[in-house]
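The values are calculated or read from the model by the stated rules, or taken from the named source; none is laboratory data. Note that the structure is a prediction, hence the values are computed from the model and not measured. A quick note on method: Cβ atoms are made from the backbone with ideal geometry, for glycine too, and the neighbour counts reach across all protein chains shown.
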Amino acid sequence: MTRTTITRWLRLELSGNRGSLSISLISTSAKMINANLNAILFDLDNTLIDRSTAVHGYFCSLLQRAAPHLSPRASQQTLQEIKEHDQLGYSERLVFFQWLADHHFPHWTSQELWNDFAENMPQYIQPEPNCLTLLNQLQQRYALAVVTNGSVKVQRAKLKASHIDQHIDHIFISGETEFEKPDPQLFQLALQSLSVPSKQALYIGDHPQADIVGAIDSGMQACWISLNREFPVELPQPHYQIPSVHSLRSLLP
């Protein structure tokens with residue numbers, strides 16, 4: 001079978017007092033996904049859509065509206081701090097918006113900030129033609145689904161703005177269920193809807209814990225979107241690793 005090389009990381013270690021350098025290459029290659037694959041399930045944010053760029057655009061706009069007195073340098077510093085606390089959307093939302101109100105927008109309540117975000121951030125999501133083309137090609141061979149954490153209003157708005165809702169019918173949002181990734185039960189709901197056993201499904205996402213550990217615990221194969229990061233060594237390792245969803249074709253038979 002054709003093999004595709006997936007370099008995960010090189011670990012360099014100094015060996016004891018001798019000062020000798022040992023190099024261990026971890027998981028240098030992996031086979032293509034086998035032909036028994038019948039379903040592909042996706043995370044949404046920073047997997048199928050570029051959430052990071054959208055969040056950047058939204059907070060630039062918010063700073064211009066709510067803090068016009070800031071100098072360009074102060075505005076950039078504030079923007080960087082906000083993105084760091086946002087943690088790609090995986091920080092606790094109530095805590096994050098309360099932090100925003102306390103540190104940067106004292107004339108706004110945390111609820112007002114959340115409402116503004118929910119209403120306006122999705123408009124910064126742009127359709128990605130290459131991603132939509134990929135989904136069109138995949139749906140001819142596989143059952144497709146999106147499994148995502150978040151509020152129903154915001155995630156549905158993102159799906160609409162990106163046009164992904166026109167290409168994937170099976171959408172599972174934690175806000176519509178009692179489960180949240182990495183709980184395997186959210187993944188199982190999607191698999192049951194698709195009528196596909198977990199061993200015949202692949203899950204693709206960017207978050208090591210919520211996406212990869214959750215998918216593995218649910219019995220699926222897991223593919224990590226690395227975004228130029230290293231996967232945490234203390235967690236169960238993904239079966240596959242690609243820099244972005246556009247590289248998915250390299251894994252498929």
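Here are a few things to note about the model shown:
- Of all residues in region 66-84, those that are under 17 Å from Asp116 (Cβ atoms) have Cβ atoms under 6 Å from Cβ atoms of residues that are assigned to a helix (DSSP H, G or I), 6 or more apart or on another chain, in Leu79/Phe59; Ile82/Phe59.
- Contacts under 8 angstrom Cβ, first residue in region 106-119 being surrounded by 17 or more Cβ atoms within 10 Å (Cβ to Cβ) and assigned to a loop (DSSP other than H, G, I, E, B), partner among the acidic types (Asp, Glu) and at pLDDT 95 or above, 6 or more apart: Trp108/Asp116
- Of all residues in region 222-236 being of a type in the set (A, V, I, L, M, F, W, C) and surrounded by fewer than 15 Cβ atoms within 10 Å (Cβ to Cβ), the one that is farthest from Ala201 (Cα to Cα): Val233
Residue-by-condition table, conditions (1) touching a helix residue (DSSP H, G or I) at 6+ places or on another chain (Cβ under 6 Å); (2) polar (S, T, N, Q):
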site	(1), (2)
Gln123	no, yes
Leu132	no, no
Arg141	no, no
Val146	no, no
Asn149	yes, yes
Gln155	no, yes
Ile171	no, no
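- Residue within region 163-173 that is buried (at least 19 other Cβ atoms within 10 Å of the Cβ) and either touching a Pro at 6+ places or on another chain (Cβ under 7 Å) or of a type in the set (Ser, Thr, Tyr) (or both) present: no
- Scope region 208-237; condition within 18 Å of Leu191 (Cβ to Cβ) and not polar (S, T, N, Q); matching residues: Ala210, Asp211, Ile212, Val213, Gly214, Ala215, Ile216, Asp217, Gly219, Met220, Ala222, Cys223
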